[in-house]
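The values are calculated or read from the model by the stated rules, or taken from the named source; none is laboratory data. Not measured: the values here are computed from a predicted model. Here Cβ is always computed from backbone atoms with ideal geometry, including for glycine, and neighbour counts include all displayed protein chains.
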Amino acid sequence: MTTTETLADHLRAQARRRLDRVEPRDEGRNARLALALLDAACYVETLPAGDPLPDLPEIEDVVRHWPWGEPSDLLRLLKA
């Protein structure tokens with residue numbers, strides 16, 4: 001499995017976790033984040049195999065606090 005496949009799988013798993021946490025009082029935040037994470041997973045799959053990507057442990061904190069947005073924004077934050 002390549003690094004991009006691993007990262008894409010991880011982002012999909014995070015999206016599923018967020019979908020499981022959708023609650024009326026979260027005002028749609030978890031659902032929006034889940035969609036953004038799915039977009040990011042698809043975006044990661046389009047990257048060249050040699051593109052430098054962050055380690056998975058670094059991702060957790062960024063994803064936890066990422067409000068959502070463009071997939072490239074998430075990757076830019078992960079690489080920072």
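The table below gives the values:
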item	result
Close pairs from the range 1-15: first more than 13 Å from THR46 (Cβ to Cβ), partner at pLDDT below 85 and not in a helix (DSSP H, G or I), Cβ under 6 Å, at least 6 apart	THR3/LEU53
Hits in the range 18-61 (condition: outside any helix (DSSP H, G or I) and at pLDDT 85 or above)	THR46
